[in-house]
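J.: Before I ask anything, here is the structure I am working with.
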Amino acid sequence: MPPRRKSTTKGFKRTSSLLQGKIRTASETRGFAVTRLLTHWTEIMGEDIASIARPVDIKYGRQGFGATLTVLTTGAQAVMLEMQKESMRERVNATYGYNAIARVRITQTSATGFSEGQASFVHRAQTKAGPKPDPEVLREAKDVASPIADEGLRAALEAMARNVLSKSKQQES
């Protein structure tokens, strides 16, 4: 029998792993068997649609021939979304990988006023608060990634090197 691997987490778990079951249960009660539609709405629909609408519910018919996706928007934007229903359906089905959604239903709410009906479709950019990285770590990470010609790959490699080097410096101290 091989030796048992020593845990590096010291009994701690990632928050995402703790919440994943609860999020899945909550989303499945609203019809979202695949939570990717909720978590990646902006990437699936694009900035223009995601800024004015959000998914609310998926209902499956009795015969099982496709589901109905309900999308929430403000009254003024409903007409614009009505014209884009087919492209929205195609984008969602591309995410699922098959024709899961047969219809898209638009519901409207007031942007202000009713406490339950207030809608905010602005997606906030994720910000990471933390200490400033050591200039030595930044320089070292840039040196590691400098031979890479592809700009996107170089940036990703540099970010990864910063994380690894920062973590190793924290463990040393």
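The values are calculated or read from the model by the stated rules, or taken from the named source; none is laboratory data. Keep in mind that what you see is a predicted model, and the values were worked out from it rather than measured. Virtual Cβ from ideal backbone geometry, glycine too; neighbours counted across all protein chains shown.
J.: State whether the residues of the stretch 30-49 include one that is surrounded by fewer than 12 Cβ atoms within 10 Å (Cβ to Cβ), at pLDDT 80 or above and acidic (Asp, Glu). Outline the logic, then answer.
T.: The first filter runs over the stretch 30-49 and keeps only residues surrounded by fewer than 12 Cβ atoms within 10 Å (Cβ to Cβ), leaving 47-48.
Imposing the further condition that a residue be at pLDDT 80 or above reduces the set to 47-48.
Adding the requirement that they be acidic (Asp, Glu) leaves 47-48.
Checked the stretch 30-49: at least one residue is surrounded by fewer than 12 Cβ atoms within 10 Å (Cβ to Cβ), at pLDDT 80 or above and acidic (Asp, Glu).
J.: Further question on the same structure: In the stretch 50-64, what residues are part of a loop (DSSP other than H, G, I, E, B), out of contact with any strand residue (DSSP E or B) (no Cβ under 7 Å at 6 or more places or on another chain) and modelled with pLDDT of 80 or more?
T.: The answer is SER51, and nothing else.
J.: Is it the case that some residue within the stretch 144-161 is β-branched (Val, Ile, Thr) and modelled with pLDDT under 85? First the steps, then the outcome.
T.: Taking the stretch 144-161 as the starting set, the residues that turn out to be β-branched (Val, Ile, Thr) are 144, 148.
The next check asks that each one be modelled with pLDDT under 85; those that pass are none.
So far as the stretch 144-161 goes, no, none of its residues is β-branched (Val, Ile, Thr) and modelled with pLDDT under 85.
Matching residues to (1) at pLDDT 85 or above; (2) not charged (D, E, K, R):
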residue: GLY66; (1), (2): no, yes
residue: VAL79; (1), (2): yes, yes
residue: MET83; (1), (2): yes, yes
residue: GLU86; (1), (2): yes, no
residue: VAL92; (1), (2): yes, yes
residue: THR107; (1), (2): yes, yes
residue: SER110; (1), (2): no, yes
residue: GLY117; (1), (2): no, yes
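J.: Let me confirm something: among GLY66, GLY61, which residue is surrounded by fewer than 17 Cβ atoms within 10 Å (Cβ to Cβ) and at positive phi? Can you show your working first?
T.: Working: GLY61 fails: at positive phi.
Among GLY66, GLY61, only GLY66 is surrounded by fewer than 17 Cβ atoms within 10 Å (Cβ to Cβ) and at positive phi.
J.: Under 9 Å between Cβ atoms, at least 6 apart or on separate chains: pull out the pairs that start in the stretch 146-173 with a residue that is without any contact (Cβ under 8 Å) to a residue 60 or more places away in the chain and of a type in the set (Asp, Glu) and end on any residue that is surrounded by 13 or more Cβ atoms within 10 Å (Cβ to Cβ) and in a helix (DSSP H, G or I).
T.: GLU158/LEU138; GLU158/ALA141; GLU158/LYS142; GLU158/VAL144; GLU158/ALA145
J.: Out of the residues in the stretch 94-105 that are part of a helix (DSSP H, G or I) and modelled with pLDDT under 85, which is farthest from PHE65 (Cα to Cα)? First the steps, then the outcome.
T.: Just the residues of the stretch 94-105 that are part of a helix (DSSP H, G or I), to begin with: 94-96.
Among the residues that remain, those that are also modelled with pLDDT under 85 are: 95-96.
Details: THR95: 18, TYR96: 15 Å.
Among those residues, the one meeting the criterion is THR95.
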